[in-house]
Amino acid sequence: MPPQANALDVSWLIVAAGLVFVMQVGFCALEAGFVRARNTINVAAKNLIDFCVAGAVFWLFGFALMFGAAPALDDSGTTGWAAAFFVFQLMFCGTATTIVSGAVAERIRYLGYIVVAALIAGAIYPFAGGWAWAGLDGGNPGWLEARGFIDFAGSTVVHSVGGWVALAAVLVVGPRIGRFQEGGTPPQPHSLPLAAIGAMLIWFGWIGFNGGSTLGFDARVAPIVANTMLAGCFGGLASQAMAAALSRRARVDALLNGILGGLVAVTANCNAVSAGEAAFIGAVGGALVPLGVRLLERLRIDDAVGAIPVHLFAGIWGTLAVAVFGDPATFAGTWIQQLAIQATGAAAIGAFAFAASYLVLRAVNLVVPLRVSADGERIGLNAAEHDASSAMQDLVFAMEDHFQSGRMDAPIPVEPGSEVEPVARQYNRVVARVRTDTRRMEQTVEALAAAKSEAEDASRSKSAFLANMSHELRTPLNAVIGFSDLLGNEPFGKLGDPRYKTYAEDIRMAGEHLLTLVNDLLDHSRIEAGKLDLHEVDVDIAAVVRRVGRMMDDLAKSRGLTLELHLDEELPRLRADERLIRQILLNLVSNAVKFTEPGGRIEVVGRLEPDGRIALVVADTGIGMERKDIARAMEPFVQLNDRYDKSHGGTGLGLPLVKSMVRLHGGTMTIDSIKDHGTTVSIRFPDSRTLGAAIEAAD
């Protein structure tokens, strides 16, 4: 007890203790705002239980471990300073304890956290505090205190101790599920406004934290409070600026934690620095916070609220700043010697706090897991640990059930008067609309399936009919062609009237034409049914082109047309179905003859292109067609318009058959046409079918 403590001193100590207790409220609000909604009740409960545990344990034996004797709480013959001192130190113990709560939020078990709180309040804080503050009540000083270690209000004894234990607990418990998942986003705060209220309450309580550390009401209090306020202001500004430089965003969490970082940094030296120095110390402490957050993220250490950068990193800086900016009259030597003492104290207390808490928590975790189950973490600790919920959480669970089950046949419950009632009602409207649209889509799909089945049946029936009829027609047609040819040749003598021979020739030509149509129908039905197989051989393309030229030359001349063939010398062979290649050329040249006016020209080209593909091109100077009609010309059984010459008839299968046959070979077909100027059809086969190119590739 200070020798001249009076009632005013005791009153100030009690008021200061009350202000520090407000910090407990602030920590509760800050952490509840930073975590997700499903964990807010758990955070509040931990902030209450840790103070209860700290109060009980610190009174039972923690205070005695720290100061060498039990507190004299029933000494009514004095001013009551001893009891006030105990209450004030109890608030400090509670503050050191509650720091851990935020760091391990959202995944530590409630009972596990009680173990952590008891460890801090009953052992770590009393021992560390005794080393630095054992002589505050007039008793023997601790070993660090005796060496000249200065920590006026607890940058190390309170805040760094809490930060070191938080670091150990975070390493033992591990990060939250998905926190560092590749491509994931960090969990978002539940309510930054609530966190801001918490930060301001903590700031307000810091008036008692630092101002009350004088342990009496005297002229030192006002400058200490002024330094504390300035450090908080500049800490927030520096942290905001540093976070903006790192992320290009004005992050609110950085502002809040930066204020606290500045307050932590000035706590060790607020009694021995000027206002400008306090502002600078606070600014550095605030700037360290976003840098510390970035460092922890790179190390994949998950601190839910940023407690470690705020209390540990800024606390170490503030402790070292005593030697740089403090009053040399209070030093145990030069400022360099004092800096060594400050570093020794910070390191000794840090090593003890971290090692002791890590070893104990690791051992406890082996016996009783400190972490909640994965399912408990996913549903939130409100429900998993306390069987507590909220309207928002109930809504989320109901929507998650819809998602997991895939069933949306029932609306979710609506809690009248709750903040989520409009959301739930709107969601139910969406669900009802989805159900209606789903039923409509199911009916449409069923109708489409039925229509598809009917269309496939009709297509199969059509293909079967065409195939059967083609076979049935080919036999009598061949007979008609054969007998008409026989009659035209008159092997058994003259028929008499020459017109009989002419009629026989007409019958033969009509039969051959009809047989061609039947063959086209048969090929079309086979292709549609997927039953037309390629019989591949090494095809001499030049020979096929010349043969087609001979076959079509008489017809072209009879129409007054010129048919020209242009072939590359030493045109390579093509791996293909020779009958289909010949049919492709016959169809294209036949079309060219049909739709080219007398005096026109038809050109057939066979060439090897630079990329190794063989190309067949049929060009004419005929009537052509408009660009919009090209696609229709490729459809089966389509005749474009009355201007086209019908003298040779046709089924409208010529171009569609060519296209299908080319595709069977893996080739491409392009048509360029200008109305009244002509048409050019280009066929290109894959270079893998060019035998000469394949041989060169193999070489």
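Brief remarks follow.
- Test for Leu381: is it farther than 18 Å from Val161 by Cα, open to solvent by less than 10 Å² (accessible area, probe 1.4 Å) and under 40 Å from the mean Cα position of the chain (by Cα): yes
- Being within 22 Å of Ile14 (Cα to Cα), touching a residue at least 12 places away in the same chain (Cβ under 8 Å), open to solvent by 10 Å² or more (accessible area, probe 1.4 Å) and among the small types (Gly, Ala, Ser) is a property that Gly139 has.
- Residue that is farthest from Ala84 (Cα to Cα), among those in the range 1-60 that are outside any helix (DSSP H, G or I) and of a type in the set (A, V, I, L, M, F, W, C): Val35
- Residue satisfying condition, being at pLDDT 90 or above and touching a helix residue (DSSP H, G or I) at 6+ places or on another chain (Cβ under 9 Å), within set Val518, Val545: Val545
- Taking the conditions (1) in a helix (DSSP H, G or I); (2) open to solvent by less than 30 Å² (accessible area, probe 1.4 Å); (3) not β-branched (Val, Ile, Thr) in turn, Pro71 satisfies each one other than (1).
- Within the range 587-627, considering residues that are open to solvent by 30 Å² or more (accessible area, probe 1.4 Å) and of a type in the set (A, V, I, L, M, F, W, C), the one farthest from Arg546 (Cα to Cα): Phe595
- Residue list for the range 220-246, restricted to those being among the polar types (S, T, N, Q), open to solvent by less than 40 Å² (accessible area, probe 1.4 Å) and within 34 Å of the chain's Cα centre (by Cα): Ser239
- Where a residue in the range 642-665 is hydroxyl-bearing (Ser, Thr, Tyr) and its partner, wherever it lies, is at pLDDT 80 or above, with Cβ under 6 Å and at least six apart: Tyr644/Phe595
- Considering residues of the range 389-420 that are free of Cβ contacts under 8 Å to residues at least 12 places away in the same chain and closer than 19 Å to His190 by Cα only, the residue most open to solvent (accessible area, probe 1.4 Å): Glu400
- Test: residue in the range 99-112 that is open to solvent by 10 Å² or more (accessible area, probe 1.4 Å), in contact (Cβ under 8 Å) with a residue 60 or more places away in the chain, within 22 Å of Gly376 (Cβ to Cβ) and part of a helix (DSSP H, G or I): yes
- For the range 249-270, the count of residues that are touching a residue at least 12 places away in the same chain (Cβ under 8 Å), within 28 Å of Trp335 (Cα to Cα), open to solvent by 10 Å² or more (accessible area, probe 1.4 Å) and not aliphatic (A, V, I, L, M) is zero.
- Count of residues meeting criterion [in contact (Cβ under 8 Å) with a residue 12 or more places away in the chain and either of a type outside the set (Val, Ile, Thr) or touching a strand residue (DSSP E or B) at 6+ places or on another chain (Cβ under 6 Å) (or both)] in the range 73-86: 8
- When we screen Asp538, Asp533, Asp506, Asp497 for residues that are exposed (fewer than 14 other Cβ atoms within 10 Å of the Cβ), at pLDDT 90 or above, over 23 Å from Thr596 (Cβ atoms) and not aromatic (Phe, Trp, Tyr), the only hit is Asp538.
For (1) more than 19 Å from Arg573 (Cα to Cα); (2) β-branched (Val, Ile, Thr); (3) in contact with a Pro (Cβ under 9 Å, 6 or more places away or on another chain); (4) modelled with pLDDT of 85 or more, each residue gets a yes or a no:
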{"site": "Ser647", "(1), (2), (3), (4)": "yes, no, no, no"}
{"site": "Leu657", "(1), (2), (3), (4)": "yes, no, yes, no"}
{"site": "Arg663", "(1), (2), (3), (4)": "no, no, no, yes"}
{"site": "Gly666", "(1), (2), (3), (4)": "no, no, yes, yes"}
{"site": "Asp672", "(1), (2), (3), (4)": "yes, no, no, yes"}
{"site": "Gly678", "(1), (2), (3), (4)": "yes, no, no, yes"}
{"site": "Asp687", "(1), (2), (3), (4)": "no, no, no, yes"}
{"site": "Gly692", "(1), (2), (3), (4)": "no, no, yes, no"}
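- Flag for Phe152 being under 30 Å from Glu385 (Cβ atoms) and among the aromatic types (Phe, Trp, Tyr): no
- Within the option set Phe180, Phe217, Phe209, being aromatic (Phe, Trp, Tyr), at pLDDT below 95, open to solvent by less than 50 Å² (accessible area, probe 1.4 Å) and on the phi < 0 side of the Ramachandran plot holds for one residue only, Phe180.
- Counted residues, the range 300-310 - those being within 15 Å of Phe354 (Cβ to Cβ) and either open to solvent by 10 Å² or more (accessible area, probe 1.4 Å) or of a type in the set (S, T, N, Q) (or both): 2
- Checklist (1) surrounded by fewer than 22 Cβ atoms within 10 Å (Cβ to Cβ); (2) over 30 Å from Gly276 (Cβ atoms); (3) acidic (Asp, Glu) applied to Asp327, failing item: (2)
- Selection within the range 330-348 - β-branched (Val, Ile, Thr), open to solvent by 30 Å² or more (accessible area, probe 1.4 Å) and more than 48 Å from the chain's Cα centre (by Cα): Thr330, Thr334, Ile336
- Selected residue (criterion: most open to solvent (accessible area, probe 1.4 Å)) from residues of the range 554-579 that are over 16 Å from Gly606 (Cβ atoms) and assigned to a helix (DSSP H, G or I): Lys557
- Looking across the range 385-418, the residues that are assigned to a loop (DSSP other than H, G, I, E, B) and β-branched (Val, Ile, Thr) come down to Ile412, Val414.
- Residue match in the range 273-284 (condition: among the polar types (S, T, N, Q) and under 23 Å from Trp164 (Cα atoms)): no
- The set of residues in the range 312-342 that are part of a helix (DSSP H, G or I), farther than 22 Å from Gly262 by Cβ and hydrophobic (A, V, I, L, M, F, W, C) comprises Ala329, Trp335, Ile336, Ala340, Ile341.
- Pair list, Cβ under 9 Å, 6 or more apart: the range 347-375 residue under 20 Å from Asp302 (Cα atoms), other residue among the hydroxyl-bearing types (Ser, Thr, Tyr) and surrounded by 13 or more Cβ atoms within 10 Å (Cβ to Cβ): Gly350/Thr156; Gly350/Ser160; Ala353/Tyr125; Ala353/Ser160; Leu370/Tyr113; Val372/Tyr110
The values are calculated or read from the model by the stated rules, or taken from the named source; none is laboratory data. In this text, all values refer to a predicted model and were calculated from it rather than measured experimentally. When we count neighbours, we look across all protein chains shown, and the Cβ atoms used for this are built from the backbone with ideal geometry, even at glycine. Heads up: the accessible areas ignore ligands, DNA and RNA and are worked out on the full protein's heavy atoms, side chains in. Shrake-Rupley method; radii C 1.70, N 1.55, O 1.52, S 1.80 Å.
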